[in-house]
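Engineer: Mind having a look at this structure? Questions to follow.
The values are calculated or read from the model by the stated rules, or taken from the named source; none is laboratory data. Fair warning: this is a prediction, and the values are worked out from it, not measured in the lab. Cβ placement follows ideal geometry from the backbone for every residue including glycine, while neighbour counts extend to all protein chains displayed.
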Amino acid sequence: MNNSNLKWLYLFILALLWGSSFILIKRGLNGLTPLQLGSLRNVIAGLFLLFIGFHKIKEVKKKHWPWIILSGFIGSFFPTYLFAYAETEIDSAIAAIINSTVPLIAFILGILFFQTTFNKKQFIGVSIGLVGSAGLILTGANINQDQNYWYAFLPIIASTLYAFNANIIKTHLEKLPALSIATASFIAIIFPAFGVLIYTGFFNQEFLSNEEVQTSILYISVLAILGTAMAKIIFNRLIQLSNAVFSTSVTYLIPVVALGWGILDGEKFEFIQLIAGAVILIGVYLANKKKRKPVS
């Protein structure tokens, strides 16, 4: 399969994996705290990547390690906790839609820090997308008054970290194999994550014998292996095959998958929120739309 077709295949696989992540987080929170969930997710993903990719560490040179470590923390470590805490107060589908701001933020960061060319049409798209995000948060707070929508800012912070990470991989780690980047980045975060897991009292025998906890661990194991480890490899490869803008455009599709799961799970979602979500996606589309070359 050529690279052009392969990048689209990777894009749809990622949408399925990451779109399902939000409902798995919600299920995992039934028996785990956000700190436990985020730490367990990082530890299991790290162990899985070490198992399949330890031989690829030799590809990482000394000059790469500062960027690898930074990528590990901003692309995996902190976002896992931010999304876990967010879903203690807001619905999984809402978190997924807010996550769709990643390409907008990637565009802004690209201009500010990575020498991306400013484009008026893209600026309009970013502005529309941010209006949609604000609308989604405000309407959600009005509809779900029992939920604390200040927590909706946590996915926005996580999305900013994801956008930074995408630009860093494209700019500084593009020539490294995707598995090398993923494995090395989790080597950087697995020990801090394990330390946090110990701190939370996770390994208490009475706690682990709880049936609800065991079910939550099963959900997070699936999330860690498929939605974190495998998805991270695919995402890194997708960035290398395309660019930071195209790869983060997976967030066009993630809300569709997450919304389907949310509706099946009985989450309250009204038409006005759908409009706000559509505004975000329109903004993302305009911010990523390329100029047509004039026909000569």
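Engineer: Pull up segment 42-91, narrow it to residues that are within 18 Å of residue 216 (Cα to Cα) and aromatic (Phe, Trp, Tyr), then point me to the one that is nearest to the chain's Cα centre (by Cα).
Structural biologist: 83
Engineer: Which one of the conditions (1) crowded, with 19+ Cβ neighbours inside 10 Å; (2) closer than 19 Å to residue 40 by Cα does residue 181 fail to meet, given that it meets all the rest?
Structural biologist: Going through (1) crowded, with 19+ Cβ neighbours inside 10 Å; (2) closer than 19 Å to residue 40 by Cα one by one, residue 181 breaks only (2).
Engineer: Do you know which residues across segment 58-103 are part of a loop (DSSP other than H, G, I, E, B) and free of Cβ contacts under 8 Å to residues at least 24 places away in the same chain?
Structural biologist: Across segment 58-103, the qualifying residue is only 61.
Engineer: Consider segment 152-198. How many of its residues are touching a residue at least 60 places away in the same chain (Cβ under 8 Å) and of a type in the set (Phe, Trp, Tyr)?
Structural biologist: Adding up the residues that qualify gives 4.
Engineer: I'm trying to understand the selection: among the residues of segment 177-204, which are over 19 Å from the mean Cα position of the chain (by Cα) and either at pLDDT below 90 or of a type in the set (Phe, Trp, Tyr) (or both)?
Structural biologist: Within segment 177-204, 177, 191, 194, 199, 202, 203 qualify.
Engineer: When residue 124 is evaluated against the numbered criteria (1) surrounded by fewer than 18 Cβ atoms within 10 Å (Cβ to Cβ); (2) modelled with pLDDT under 75, which criterion, by number, is the only one it fails?
Structural biologist: With respect to (1) surrounded by fewer than 18 Cβ atoms within 10 Å (Cβ to Cβ); (2) modelled with pLDDT under 75, residue 124 is out only on (2).
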